[in-house]
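Read through the structure below, which is laid out as structure tokens, and then see the notes.
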Amino acid sequence: MKRMLLFLCCAVLLCSCGKTTSSSKKVEGEDLSKMEKTMLGADPTLPEMVIVRGTDKDAELNFTALSDLDYDRVEDYFYAYAKDGSANEIAVVRMKDVNDITSMMDSINQHLKTRRGTMAEYKPEQVELIDKAVVTYEGNDVALIVSEKNGLVQKEFVPEKKE
């Protein structure tokens, strides 16, 4: 009888742990592909964008164009940048740990500083766009928005609320 009770307790614990893990991923935030489409669709003035994702073959290498943060701290991301070389960029980086949000935001702000210097030298008319960039976060997601309509794009950056 004691063995049966012990077995049932272990089974319940294992089942509940499994459910917590799988459901926590579902409520962490909105699917990034959906977020990508809605955010990019929010600004009709965007030029043609090149999009790299955390699901791409060279995801870790591509991520270095946005951030120098250790890629092992990233769960997923998408990064869209203007094909024409203008300053337009939209990115969302989903961090594995909420404690890494500040580091990711610092890294993106450093990216913006570098981009501002590049634009000042090659496309000075684009500097103002970078100066109006939005870097924000919600839950484990950090967003970078460099766009003429960054307010509209930012409104689309609303991950699902935790249940």
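Taken over region 94-131, the criterion of being open to solvent by 50 Å² or more (accessible area, probe 1.4 Å), within 18 Å of Asp70 (Cα to Cα), of a type outside the set (Val, Ile, Thr) and in a helix (DSSP H, G or I) is satisfied by Asn99, Asp106, Asn109, Gln110. Annotation: of all residues in region 73-84 being over 14 Å from the mean Cα position of the chain (by Cα) and open to solvent by 50 Å² or more (accessible area, probe 1.4 Å), the one that is nearest to Lys34 (Cα to Cα) is Lys83. Picking from residues in region 44-72 that are in contact with a Ser or Thr (Cβ under 7 Å, 6 or more places away or on another chain) and surrounded by 16 or more Cβ atoms within 10 Å (Cβ to Cβ), the one that is farthest from Lys96 (Cα to Cα) is Leu46. Once region 137-163 is narrowed to residues that are of a type in the set (A, V, I, L, M) and surrounded by fewer than 20 Cβ atoms within 10 Å (Cβ to Cβ), the residue that is nearest to Ser86 (Cα to Cα) is Leu152. Contact map, region 67-78: residues that are within 13 Å of Asp106 (Cβ to Cβ) paired with residues that are modelled with pLDDT of 95 or more and open to solvent by 40 Å² or more (accessible area, probe 1.4 Å), Cβ distance under 8 Å, separation 6+ or inter-chain. Pairs shown: Asp68/Gln110; Leu69/Ser103; Arg73/Lys96; Arg73/Asp97; Arg73/Ser103.
What is the number of the single condition among (1) modelled with pLDDT of 95 or more; (2) over 18 Å from Val74 (Cα atoms); (3) exposed (fewer than 14 other Cβ atoms within 10 Å of the Cβ) that Val134 does not meet? Every condition holds for Val134 apart from (3).
Please verify whether Phe7 is at pLDDT 95 or above and among the aromatic types (Phe, Trp, Tyr), treating the condition exactly as stated.
It is false that Phe7 is at pLDDT 95 or above and among the aromatic types (Phe, Trp, Tyr).
The set of residues in region 33-83 that are over 23 Å from Met119 (Cβ atoms), in a loop (DSSP other than H, G, I, E, B) and either of a type outside the set (Lys, Arg) or in contact with a Gly (Cβ under 9 Å, 6 or more places away or on another chain) (or both) comprises Gly54, Thr55, Asp56, Asp58, Asp70.
A Cβ distance below 7 Å, combined with a sequence gap of six or more or placement on separate chains, defines the contacts here; from region 84-100, residues that are farther than 24 Å from Lys132 by Cα reach no residue that is open to solvent by less than 60 Å² (accessible area, probe 1.4 Å) and aromatic (Phe, Trp, Tyr).
The values are calculated or read from the model by the stated rules, or taken from the named source; none is laboratory data. From a predicted model like this one, the values you see are computed outputs, not experimental measurements. Note that each Cβ is placed from the backbone with ideal geometry, even for glycine, and that neighbours are counted across all protein chains shown. Protein only, heavy atoms only, side chains kept; ligands, DNA and RNA dropped before computing areas. Shrake-Rupley method; radii C 1.70, N 1.55, O 1.52, S 1.80 Å.
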